[in-house]
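Visitor: This is the structure, below, for whatever I ask next.
The values are calculated or read from the model by the stated rules, or taken from the named source; none is laboratory data. Remember, it's a predicted structure, so these values are computed and weren't measured experimentally. Note that we place each Cβ from the backbone using ideal geometry, even for glycine, and neighbour counts take in every protein chain shown. The area values use the complete protein model at the heavy-atom level, side chains included, leaving out ligands, DNA and RNA. Shrake-Rupley method; radii C 1.70, N 1.55, O 1.52, S 1.80 Å.
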Amino acid sequence: MSDSVRNVVIIGSGPAGLTAALYTARANLAPIVIEGLEAGGQLMLTTAVENFPGFTDGVMGPDLMANMRGQAQRFGAELRTGQVTKVNLQVRPFEVTIGEAEVVRAHTIIISTGASARLLGLPSERRLIGHGVSTCATCDGFFFRGRPIAVVGGGDSALEEATFLTRFASSVTVIHRRDALRASKVMQDKAFANPKITFEWDSEVVDVMDGGQGAVTAARLRHVKTGAEKDLPIDGLFVAIGHTPNTSLFSGQLEMDANGYLITRDGMKTNVPGVFACGDVQDPVYRQAITAAGSGCMAALDAEKFIEHG
Ligand code: NAP
């Protein structure tokens, strides 16, 4: 264990974590960011981002994250490759274990470990993310103006995304693995009443095709009761089967809601004084890069205040 105690350890390096790093670095708190397995977060899996303010012509997700990284480093933030394997919030200073054995001690911790969009687990799905496969209708719907698309899932997210996507797409097919939706009645009524939305019931996606062109051309569906397969021609596939907040490190130590999201109140405070959370790890609702960045700024200011005044 190192003798020195860090002012701020930031766990996670998406827009929330890197904004927290920028602000705490500029406040002379010499933050260290433990980047995690998916350095840069969910934006590393996207292509063009057109809704992050300040970029008239949009920006590529990985480029935006590279800029955020560079900006935080310019003010002295230390970025560390590595995975946090354990945190001890019962002691002061807090202890953060990186990898097998390295322990960093900290007066404050900012948690920005994000949430992972659940995926179907198909190799073709992974390969075509950002090339027709998306997990974010708000981010990518605009690219499918006048084109046929599909949404996978039967919950509120799937129907909300399907309804939203009808603003752009020529048609939206909801592909659901059962014959009954999980979504709330009001969302169902809205979707059923929308002439652009149709349903493929009892169906799972077994492959996403690109016709050798590097962009989605169809989804192969298998009927779960008959086993029959067919290809649905589409230009985009939105996977909306839920998100999983990355909070397993904190179970039993921090308050979470029923779905495992960290609970923040009074700014970005968790129930443990000195521990703050920002970004998707505490936000099941908005989940945008800009809201994550905004909450990262708030967490940094909260941490700064805590260090000054306790
Ligand atoms: P969810 O309610 O867990 O629904 C996930 C859907 O994806 C389910 O229909 C599920 O099928 C399907 N699914 C899961 N894994 C799958 C797989 N491997 N292959 C195919 N399908 C799969 O998730 P959510 O829709 O993201 O909603 C999460 C929470 O946020 C819910 O409490 C929801 O009410 C809330 N929410 C509310 C609103 C709103 O009120 N405006 C909007 C969005 C979300 P099964 O049904 O067969 O399990």
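Visitor: Which condition number in (1) out of contact with any Asp or Glu (no Cβ under 9 Å at 6 or more places or on another chain); (2) open to solvent by less than 70 Å² (accessible area, probe 1.4 Å); (3) of a type in the set (Asp, Glu) is the one that Glu125 fails?
Guide: Looking at each condition in turn, Glu125 falls short on (1).
Visitor: If you don't mind, there's one more thing I want to ask. Looking at Asp207, is it in contact with a strand residue (DSSP E or B) (Cβ under 9 Å, 6 or more places away or on another chain), within 16 Å of the ligand (Cβ to nearest atom), of a type in the set (D, E, K, R) and touching a residue at least 60 places away in the same chain (Cβ under 8 Å)?
Guide: Working: in contact with a strand residue (DSSP E or B) (Cβ under 9 Å, 6 or more places away or on another chain): yes; within 16 Å of the ligand (Cβ to nearest atom): yes; of a type in the set (D, E, K, R): yes; touching a residue at least 60 places away in the same chain (Cβ under 8 Å): yes.
Yes, satisfied.
Visitor: Looking only at segment 186-198, decide whether some residue is under 20 Å from Arg118 (Cβ atoms), surrounded by 17 or more Cβ atoms within 10 Å (Cβ to Cβ) and either modelled with pLDDT of 95 or more or away from the ligand (no atom under 12 Å from the Cβ) (or both).
Guide: Checking segment 186-198: not a single residue is under 20 Å from Arg118 (Cβ atoms), surrounded by 17 or more Cβ atoms within 10 Å (Cβ to Cβ) and either modelled with pLDDT of 95 or more or away from the ligand (no atom under 12 Å from the Cβ) (or both).
Visitor: One residue is enough: does segment 266-283 have a residue meeting the conditions in a helix (DSSP H, G or I), under 24 Å from Glu50 (Cβ atoms) and either touching a helix residue (DSSP H, G or I) at 6+ places or on another chain (Cβ under 6 Å) or of a type in the set (Asp, Glu) (or both)?
Guide: Within segment 266-283, one or more residues are in a helix (DSSP H, G or I), under 24 Å from Glu50 (Cβ atoms) and either touching a helix residue (DSSP H, G or I) at 6+ places or on another chain (Cβ under 6 Å) or of a type in the set (Asp, Glu) (or both).
Visitor: Now, a different point. If Arg105 satisfies all but one of (1) surrounded by fewer than 16 Cβ atoms within 10 Å (Cβ to Cβ); (2) in contact (Cβ under 8 Å) with a residue 60 or more places away in the chain, what's the number of the condition it fails?
Guide: Arg105 satisfies every listed condition except (1).
Visitor: Residue under question is Arg220, and the condition is that it be in contact with an Asp or Glu (Cβ under 7 Å, 6 or more places away or on another chain) and either buried (at least 17 other Cβ atoms within 10 Å of the Cβ) or without any contact (Cβ under 8 Å) to a residue 40 or more places away in the chain (or both); does it hold?
Guide: When the stated conditions are applied, Arg220 passes them.
Visitor: Which ones in segment 116-125 are assigned to a loop (DSSP other than H, G, I, E, B) and in contact with a Ser or Thr (Cβ under 8 Å, 6 or more places away or on another chain)?
Guide: Passing the criteria: Arg118, Leu119.
Visitor: Let me ask you something else. For Gly61, are the conditions met, namely being open to solvent by less than 10 Å² (accessible area, probe 1.4 Å), more than 15 Å from the ligand (Cβ to nearest atom) and in contact with a strand residue (DSSP E or B) (Cβ under 7 Å, 6 or more places away or on another chain)?
Guide: When the stated conditions are applied, Gly61 passes them.
Visitor: Do we have Thr291 as open to solvent by 40 Å² or more (accessible area, probe 1.4 Å) and not in a helix (DSSP H, G or I) here?
Guide: no
Visitor: Sticking with this one: Which residue pairs have Cβ atoms closer than 6 Å, lie 6 or more positions apart in sequence or on different chains, and pair a first residue in segment 281-310 that is within 21 Å of Asp156 (Cα to Cα) with a second residue that is basic (Lys, Arg)?
Guide: Here the result reads none, with nothing in segment 281-310 linked to a residue that is basic (Lys, Arg).
Visitor: Give all pairs with beta carbons closer than 6 Å in which a residue from segment 130-158 that is within 16 Å of the ligand (Cβ to nearest atom) meets a residue that is open to solvent by 40 Å² or more (accessible area, probe 1.4 Å) and assigned to a helix (DSSP H, G or I); count only pairs at least 6 apart in sequence or on separate chains.
Guide: Pairs found: Ala137/Phe164.
Visitor: Here's a follow-up. Do you know which of the residues in segment 228-244 that are open to solvent by less than 40 Å² (accessible area, probe 1.4 Å) and modelled with pLDDT of 95 or more is farthest from Ser112 (Cα to Cα)?
Guide: Leu232
Visitor: Can you work out which of the residues in segment 163-185 that are more than 12 Å from the ligand (Cβ to nearest atom) and not charged (D, E, K, R) is surrounded by the fewest Cβ atoms within 10 Å (Cβ to Cβ)?
Guide: Ranking the qualifying residues of segment 163-185, first place goes to Ser170.
Visitor: Which ranges mark the strands (runs of 3 or more DSSP E) fully within segment 60-115 that have 1 or more residues being out of contact with any Ser or Thr (no Cβ under 9 Å at 6 or more places or on another chain)? Quick ask: steps written out before the conclusion?
Guide: Working: elements: 78-80, 84-88, 94-98, 102-111.
In segment 60-115, 78-80, 94-98, 102-111 are the strands (runs of 3 or more DSSP E) which contain 1 or more residues that are out of contact with any Ser or Thr (no Cβ under 9 Å at 6 or more places or on another chain).
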